[in-house]
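Values in this text are rule-based calculations from the coordinates and carry no lab data. Because the structure is a prediction, the values reported are computed rather than measured. Using ideal geometry, Cβ is built from the backbone for each residue, glycine included, and neighbour counts are taken over all protein chains shown.
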Amino acid sequence: MATSLLRRTSIIHNARRFKFPSSWCLSELLTQHFPIDNAVNENAIHRVSKGVSFYSQVASGGGLPSSMRGAVFWEKGKPLSIEEFHIPRPKAGEVLVKTKGCGVCRSDLHVIKDENPFSSPCVLGHEITGEVVEHGPLTDNKTKERLPIGSRVVGSFHMPCGTCFYCSKGHDDLCEQFFAYNKAKGTLYDGETRLFLRSSGKPVYMYCMGGLAEYCVVLANALAVLPNLLPYTESAILGCAVFTAYGAMTHAAKVRPGDSVAVIGTGGVGSSCLQIARAFGAFEIIAVDIQDDKLDQAKTFGATHTVNAAREDPVGKIMEITGGKGVDVAVEALGKPQTFSQCTQSVKDGGKAVMIGLTQAGAVGQIEINRLVRRKIKIIGSYGGRARQDLPKLVRLAETGVFNLSNTVSRRYNFEEVDKAFADLNQGKIVGRAVIEIR
């Protein structure tokens, strides 16, 4: 057995040296020459493909399972399916997280409905909590000290590289690597995914970190420590719903005490905007939606006025509430051309219309040009916060009770119900935010 082990190690090191094109080549080689232990072969293949020698794993005794489950999106019209994967392995600057909770977000639904095309097959899920179980090789000591093995963490959907032109200026939300690799190709920033099916070794793409899985690889820059006081399930929404709202209200809208704010669309992100507007001292906070149950809940999040756009003209009603002036800040959190237009019409002269709702690729919003020019209307797009500086602040807001996580999360699903969760979201059955619990 020892001789066989050493021969396997030699083959693996040669495979790494000569860069075999894919893990299935190595799988076939090991299986042909060493059929005695397929489980060891499989684990060796996976370790080598991630840059860690099989020998070092044997010597250390491992510690991680050889496989995990993940929810795969294959194509439009086909349900998500739970598949077996090799355990993903982090590289330098990356962290392997044992996932505890993952939010159910409309951005994922856009992919499922093929409204925002993305590489497939892929694992969705981009707002997560979990436990750090491994650092990638060559990860710096500062990161290891900040995120030690066993630490509780929350991850943002924005995963800044930390070194590109925008990241170097503190604009993590515009990270060039994130858009060039993850959003455009479904990979991390070396151009490779970390997800491989156990049955075939075939690669599966990653939507952000691919959080709808029992383990996921996250850039360390996208993680913040989660205090013991905050529960895994509810805290998952800090990474997108709250993160997106905070970025919009802080960096785009720059909400100040005494401002009037309208939020159009009061789902998970919109309801988070209401809470943050209240925390920032907004005076009038107007919630607009078409569902009475969402509007009733909006009052608990800080809305001083509610408007049901199915029964009333939202622009006219906002003007009435504000004495004909409009609001200082209007936020569009739904992603529809109609609500885009309503948002721009709802702001006062010199006001800010902030767009955070994603929609179908190619959709166009319209605005009256003369009013835009003459009345100095500001239209601002906002796509999340800035992970390295904002995520720790959001954790503190939740920890001190300024932001109410438990009221925002209205539904919980187990991992096997992932397809049902997105069906419910599509049918408007989720008030606030839902979270998949992964144990």
What length, rounded to one decimal in nm, is gained on full extension from residue 310 through to residue 202, with 0.36 nm per residue of separation minus their alpha-carbon distance? 34.2 nm
Taking a ≥ b ≥ c as the square roots of the Cα gyration tensor eigenvalues, with a/c under 1.5 meaning rounded and otherwise prolate when a/b beats b/c or oblate if not, the range 257-303 comes out prolate
At most 16 other Cβ atoms within 10 Å plus a DSSP loop assignment makes a site exposed; report the longest stretch of the chain without any exposed GluC sites (Glu not before Pro). 193-311
Helix 23-33: angle to the longest alpha-carbon principal axis of the chain, degrees 0 to 90, nearest 10? 20
Beta bridges by DSSP in the chain, antiparallel share as percent, to the nearest 5: 55
Once the Cβ-Cβ distance between residue 320 and residue 141 is put in as r, and R0 is 60 Å, what FRET efficiency do you end up with, to the nearest 0.05? 0.50
If one computes the Cα centroid of the range 120-141 and of the range 212-273, what distance in Å separates the two points? 19
Here D for the range 125-276, in µm²/s, from Stokes-Einstein with a Kirkwood Rh over Cα pairs at 4 °C and 1.567 mPa s, works out to 77
Taking a ≥ b ≥ c as the square roots of the Cα gyration tensor eigenvalues, with a/c under 1.5 meaning rounded and otherwise prolate when a/b beats b/c, else oblate, which class fits the range 332-439? oblate
Rounded, prolate or oblate, given the Cα gyration tensor of the range 236-377, with a/c below 1.5 counting as rounded? rounded
